[in-house]
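The values are calculated or read from the model by the stated rules, or taken from the named source; none is laboratory data. Bear in mind that the values here come from a model prediction, so they are computed numbers and not experimental data. We place every Cβ from the backbone using ideal geometry, glycine too, and count neighbours over all the protein chains shown. Side chains are part of the model used for accessible areas, which takes the heavy atoms of the whole protein and leaves out ligands, DNA and RNA. Shrake-Rupley method; radii C 1.70, N 1.55, O 1.52, S 1.80 Å.
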Amino acid sequence: MASSRGFVSCLIFLFIGILGFIPFPAEAAIKKYQFDIQVKNVSRLCHAKPIVTVNGRFPGPTIYVREGDRVMVNVTNYAQYNMSIHWHGLKQYRNGWADGPAYITQCPIQTGSSYTYDFNVTGQRGTLWWHAHILWLRATVYGAIVIMPQQGTSYPFPQPNMEVPVLLGEWWNTDVEEVEKQGTEMGLPPNMSDAHTINGKPGPLFPCSEKHTFAMEIESGKTYLLRIINAALNDELFFGIAGHNMTVVEVDAVYTKPFTTQTILIAPGQTTNVLVLANQVPGRYFMASRAFLDVPLPVDNKTATAILQYKGIPNTVLPSFPQLPASNDTEFALGYNRKLRSLNTPQFPANVPLKVDRNLFYTVGFGKDSCSTCVNGTRLLASLNNISFVMPQIGLLQAHYFNISGVFKTNFPDKPPTPFNYTGAPLTASLGTVHGTRLSKIAFNSTVELVLQDTNLLTVESHPFHLHGYNFFVVGTGIGNFDPAKDPAKYNLVDPVERNTVGVPTGGWTAIRFRADNPGVWFMHCHLELHTGWGLKTAFVVEEGPGSDQSILPPPKDLPPC
């Protein structure tokens with residue numbers, strides 16, 4: 001990592017600080033990173049295979065910045081796949097060119113080419129992450145983003161003695177892109193992963209994995225901040241530590257009201273910061289991660305482990321195992337999410353929109369398309385409001401910015417075309433699902449309420465939805481059909497949790513609110529890669545405002561060509 005600062009002003013501030021005079025704020029730094037996309041042979045579970053990496057590392061390097069910094073990441077693609085990187089959770093104000101999803105805000109970086117993601121970190125601090133945003137390449141191309149508070153600003157919780165990123169992922173013994181391609185050709189879900197991982201390692205419960213175990217040494221009486229990230233492609237995960245409580249203090253880089261739990265639930269795309277006090281009998285304790293799924297669908301239910309080891313304890317001591325909830329424990333999942341609340345203090349307010357300008361209601365459904373070459377003559381698809389999204393061949397932001405016609409339409413419906421009993425008996429009949437690149441146009445600075453409703457089209461299932469370019473407030477959630485006459489009265493409009501990725505419960509609904517103050521084209525999709533590939537995605541075209549600082553920034557000169 002290379003970094004540079006404004007020379008004169010920074011030296012003056014440093015000199016004044018040393019002399020003990022007025023504590024001027026430190027000037028923002030420019031943090032520069034080089035990401036080389038490389039293929040490297042990696043071995044897990046007695047299998048060696050080539051995987052796509054960043055700088056030869058799996059997981060990739062952690063980006064460390066401070067709130068207010070400018071970040072420049074030059075990505076050079078040496079792999080055989082086209083590549084794009086998404087900086088998950090960073091708002092990228094007016095700067096969708098740095099957001100990263102392929103064919104949404106940019107065309108991908110072709111083999112042998114480079115692109116510099118150049119963005120500011122404004123008004124955010126905490127744990128986010130970065131990952132590939134094309135095909136299934138984020139199976140191995142991902143890493144943490146740690147945003148420290150501005151100099152002189154402390155955490156709103158006890159200062160930890162040490163901070164550790166904990167990235168939860170998945171591992172396939174075979175080539176991930178071939179797994180996805182085979183599933184698409186057969187019209188069936190691709191093969192599930194062979195293991196879950198913690199910091200790229202499955203742990204000693206798997207064959208050939210004794211050396212592929214993440215271990216963390218701790219000292220009695222000290223406090224540790226774990227920055228937990230779910231980088232898995234397709235699984236919501238439980239995470240717990242044997243014998244130790246965790247105090248949740250932040251999710252998706254937003255501080256929360258602290259609460260203590262033995263287990264957290266974290267969906268793909270989400271981050272959770274927890275404090276862990278080393279207050280148990282010195283020994284070795286398993287950290288463990290296992291999938292949550294409360295419907296009878298196949299899932300990788302094998303448990304990944306890492307080790308929390310007190311200083312001075314020999315490796316021969318057998319670790320104890322945590323009690324994780326049952327893999328289908330819906331009650332725990334709903335109860336855990338209800339505990340998540342915004343801090344809502346004068347310094348960190350929860351600016352929930354109380355008046356709504358635009359009400360959106362999106363149904364989440366599955367269906368089948370005819371497919372003569374597929375196993376059953378059909379191919380699975382997914383849709384929002386009966387529209388299965390078709391990816392364009394040019395970046396949507398480019399098409400919008402340069403007024404290129406014929407790429408997309410802005411007639412995505414605000415509600416489903418045909419109301420029905422969304423979570424009643426399984427409905428397998430066609431509701432007229434159509435394929436198209438249809439977006440929703442949103443007025444600048446308008447307030448939006450979006451209700452995401454799961455449906456029993458083929459089956460109910462939970463869905464973690466991620467909105468690019470924004471945080472939003474989760475004002476309500478429930479099981480069954482959303483009732484617009486009764487459910488809004490139960491909303492939390494005081495201290496709802498603020499996130500960038502939220503789970504829609506199985507057979508239920510979630511209501512979110514946000515202010516559309518970031519002009520551009522912003523992707524919204526299920527963060528289960530399987531469902532995204534089937535078409536469970538759309539995008540918002542947020543119009544520009546009247547002010548000079550309310551328009552989309554010009555594109556960079558090195559924007560990848562289409």
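Can we say residue 457 is of a type outside the set (S, T, N, Q), on the phi < 0 side of the Ramachandran plot, touching a strand residue (DSSP E or B) at 6+ places or on another chain (Cβ under 6 Å) and at pLDDT below 95? Spell out the reasoning first.
Working: of a type outside the set (S, T, N, Q): yes; on the phi < 0 side of the Ramachandran plot: yes; touching a strand residue (DSSP E or B) at 6+ places or on another chain (Cβ under 6 Å): yes; at pLDDT below 95: yes.
Spelling it out, residue 457 is indeed of a type outside the set (S, T, N, Q), on the phi < 0 side of the Ramachandran plot, touching a strand residue (DSSP E or B) at 6+ places or on another chain (Cβ under 6 Å) and at pLDDT below 95.
Does the range 284-309 hold any residues that are part of a loop (DSSP other than H, G, I, E, B) and open to solvent by less than 10 Å² (accessible area, probe 1.4 Å), and which are they?
Matches in the range 284-309: 300 only.
Based on what the data block shows, is residue 387 under 16 Å from residue 539 (Cα atoms), out of contact with any Ser or Thr (no Cβ under 9 Å at 6 or more places or on another chain) and modelled with pLDDT of 95 or more?
no
Of the residues in the range 363-386, how many are out of contact with any Pro (no Cβ under 8 Å at 6 or more places or on another chain) and under 30 Å from residue 496 (Cβ atoms)?
Total satisfying the criteria: 6.
Name the residue that is modelled with the lowest pLDDT, counting only residues in the range 122-151 that are farther than 21 Å from residue 57 by Cα and open to solvent by 40 Å² or more (accessible area, probe 1.4 Å).
Top of the filtered list is 151.
Look at residue 46 and say whether it is out of contact with any strand residue (DSSP E or B) (no Cβ under 9 Å at 6 or more places or on another chain), surrounded by 18 or more Cβ atoms within 10 Å (Cβ to Cβ) and either of a type in the set (D, E, K, R) or touching a residue at least 24 places away in the same chain (Cβ under 8 Å) (or both).
Taking the combined requirement at face value, the residue does not satisfy it.
In the range 86-105, what residues are open to solvent by less than 10 Å² (accessible area, probe 1.4 Å) and part of a loop (DSSP other than H, G, I, E, B)?
Matches in the range 86-105: 89, 90, 92, 99, 100, 101, 104, 105.
Which residues, taken from the range 310-342, are surrounded by 14 or more Cβ atoms within 10 Å (Cβ to Cβ) and among the basic types (Lys, Arg)?
Residue satisfying the conditions is 341 alone.
Pick from 431, 439, 427: which is touching a residue at least 60 places away in the same chain (Cβ under 8 Å), surrounded by 12 or more Cβ atoms within 10 Å (Cβ to Cβ) and more than 15 Å from residue 392 (Cα to Cα)? Can you show your working first?
Numbers: 439 fails: more than 15 Å from residue 392 (Cα to Cα); 427 fails: touching a residue at least 60 places away in the same chain (Cβ under 8 Å).
None of the other options fit; the residue is 431.
How many residues are in contact with a Lys or Arg (Cβ under 9 Å, 6 or more places away or on another chain) and closer than 21 Å to residue 171 by Cα if we restrict to the range 63-95?
1
Can you name the residue in the range 190-224 that is open to solvent by 60 Å² or more (accessible area, probe 1.4 Å) and among the polar types (S, T, N, Q) and, of all such residues, is modelled with the highest pLDDT?
220
Of all residues in the range 49-71, how many are under 21 Å from residue 154 (Cβ atoms) and either of a type in the set (A, V, I, L, M) or free of Cβ contacts under 8 Å to residues at least 24 places away in the same chain (or both)?
Applying the first criterion (under 21 Å from residue 154 (Cβ atoms)) to the range 49-71 yields 64-69.
This time we only want the ones that are either of a type in the set (A, V, I, L, M) or free of Cβ contacts under 8 Å to residues at least 24 places away in the same chain (or both), so: 65.
Residues meeting the conditions: 1.
Would you confirm whether any residue within the range 481-490 is free of Cβ contacts under 8 Å to residues at least 40 places away in the same chain, open to solvent by 20 Å² or more (accessible area, probe 1.4 Å), touching a strand residue (DSSP E or B) at 6+ places or on another chain (Cβ under 7 Å) and farther than 25 Å from residue 417 by Cα?
Yes; the residues of the range 481-490 include at least one that is free of Cβ contacts under 8 Å to residues at least 40 places away in the same chain, open to solvent by 20 Å² or more (accessible area, probe 1.4 Å), touching a strand residue (DSSP E or B) at 6+ places or on another chain (Cβ under 7 Å) and farther than 25 Å from residue 417 by Cα.
Does the range 107-121 include one or more residues that are touching a Cys at 6+ places or on another chain (Cβ under 8 Å), open to solvent by less than 10 Å² (accessible area, probe 1.4 Å), more than 19 Å from residue 252 (Cα to Cα) and at pLDDT 95 or above?
Within the range 107-121, the subset touching a Cys at 6+ places or on another chain (Cβ under 8 Å) is 107.
Keeping just the survivors that are open to solvent by less than 10 Å² (accessible area, probe 1.4 Å) gives 107.
Next, only the ones that are more than 19 Å from residue 252 (Cα to Cα) stay: 107.
This time we only want the ones that are at pLDDT 95 or above, so: 107.
Among the residues of the range 107-121, at least one is touching a Cys at 6+ places or on another chain (Cβ under 8 Å), open to solvent by less than 10 Å² (accessible area, probe 1.4 Å), more than 19 Å from residue 252 (Cα to Cα) and at pLDDT 95 or above, which makes the answer yes.
Mind checking which strands (runs of 3 or more DSSP E) fall wholly inside the range 445-562 and carry at least 2 residues that are among the small types (Gly, Ala, Ser)? If you could, list the steps in order and put the result at the bottom.
Details: elements: 447-454, 463-467, 472-479, 501-504, 508-515, 520-526, 537-542.
Filter on the range 445-562 gives 472-479, 508-515.
Kindly evaluate residue 389 against the criterion of being in contact with a Pro (Cβ under 7 Å, 6 or more places away or on another chain), open to solvent by 10 Å² or more (accessible area, probe 1.4 Å) and of a type outside the set (Val, Ile, Thr).
Spelling it out, it is not the case that residue 389 is in contact with a Pro (Cβ under 7 Å, 6 or more places away or on another chain), open to solvent by 10 Å² or more (accessible area, probe 1.4 Å) and of a type outside the set (Val, Ile, Thr).
Would the range 365-380 turn up any residue that is modelled with pLDDT of 95 or more, open to solvent by less than 10 Å² (accessible area, probe 1.4 Å), within 19 Å of residue 536 (Cα to Cα) and not basic (Lys, Arg)?
Scanning the range 365-380, I find no residue that is modelled with pLDDT of 95 or more, open to solvent by less than 10 Å² (accessible area, probe 1.4 Å), within 19 Å of residue 536 (Cα to Cα) and not basic (Lys, Arg), so the answer is no.
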